[in-house]
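The values are calculated or read from the model by the stated rules, or taken from the named source; none is laboratory data. Treat the numbers as computed from the prediction; the structure is a model and nothing was measured. These area figures cover heavy atoms from the full protein model, side chains too; ligands, DNA and RNA do not enter into them. Shrake-Rupley method; radii C 1.70, N 1.55, O 1.52, S 1.80 Å.
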Amino acid sequence: MTLRTATLCLALAASPAAAQAPDEGRSLMEQGAEMFFRGLMSEMEPALRELREFADGVEPALRDFVVEMGPALRELLEEVEDWSAYHPPERLPNGDIILRRREPLPEDAPEPDAFVPDGEGEIDL
């Protein structure tokens, strides 16, 4: 089940119809739907609990990633005008990640400046 399905189930279970007493003016369809969603929620509870535990464990790592890589990614996003002009990123055997253009620059085009993080010296490629 997806998170969207679980959210729908929680929303339906919290509806005013669920707050009524079991047989007060509700049809058998409404009672059956309520029983179905209660059963579905009880089945989803362990998965939702595991998802929450996973999210709690991953949150610090994601926060550190954003703090460390956020400025460099922001600079990269400002440099690249059209992402469709590039192939998906490739990881080289030495761990470097590169972006290759789909079509090379015209020969008369000026050579673009190399990306230099945090003002470090020039990089020879």
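Counting only residues that are of a type in the set (A, V, I, L, M, F, W, C) and either open to solvent by 80 Å² or more (accessible area, probe 1.4 Å) or at pLDDT 90 or above (or both), how many does the stretch 70-97 have?
4
If you scan the stretch 23-67, which residues turn out to be part of a helix (DSSP H, G or I) and basic (K, R)?
R38, R49, R52, R63
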